[in-house]
1. Assuming 0.36 nm per residue, please report the length gained on full extension of the stretch residue 12 to residue 89 beyond their Cα-Cα distance.
2. If you fit an axis through the alpha-carbon atoms of helix 136-152 and take the longest principal axis of the Cα set of the chain, what angle between them do you get, 0 to 90°, nearest 10?
3. Give the span of segment 1-43's Cα atoms along each principal axis, as three whole-Å numbers ordered largest to smallest.
4. Could you check the simple spin-label distance between residue 115 and residue 128, using points 7 Å along Cα→Cβ, in nm with one decimal?
5. Roughly what % antiparallel, to the nearest 5, for the DSSP beta bridges in the chain?
6. Let me understand the chain better: what is its radius of gyration from the alpha carbons, and its Dmax, in angstrom?
7. Counting only helical runs of four or more DSSP H residues, what would the 222 nm mean residue ellipticity of the chain come to if each run contributes -39,500 (n - 2.57) and the total is spread over all its residues?
8. Mind checking the alpha-carbon convex hull of segment 48-122 and giving the volume per residue in Å³?
């Protein structure tokens, strides 16, 4: 074999190998960027959390695509996020991710509208209180104090 031909073959092989490695690397980078920036934004973008009571909106929070992915894929993250938003309005007396919460309608996931709804009207009542008004304990205490004062007179 001609040494010139062998040298050209080796350099041709080396250049093709380098070219193929660059194509693989660029293809991976392009696919990764397309997946992260296009697909995930399309699938998880636009989700929001809505907290309602008596048909009125108490809170609405928009979720970033990354947070929406975490919340929708992991029930633990959903529970923590929902409790964090709802805690300003009321205590949840049931595991928000349980099947009972979904059956009662306390938690609803609308995948078409991309809304997670928490309906506080469906929250089970506190067994320590007779009614669900926030100041029920205070009004009961005041009534007992007034009655005790009347008996002392």
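Values in this text are rule-based calculations from the coordinates and carry no lab data. What you see is a predicted model; the values in this text were computed from it and never measured. FYI the Cβ positions are ideal-geometry reconstructions off the backbone, even for glycines, and counts take in every protein chain you see.
1. Working: separation 77, 0.36 × 77 = 27.72 nm, distance 7.07 nm.
Extending this stretch completely gives an extra 20.7 nm.
2. So the helix axis and the longest Cα principal axis differ by about 20 degrees.
3. Computed over segment 1-43, the largest-to-smallest principal extents equal 59, 9, 6 Å.
4. Label at residue 115, label at residue 128, 3.4 nm between them.
5. 65
6. Rg, Dmax (Cα atoms, Å): 30.3, 124.
7. That comes out to -17000 deg cm²/dmol.
8. Residue-normalised Cα hull volume stands at 87 Å³.
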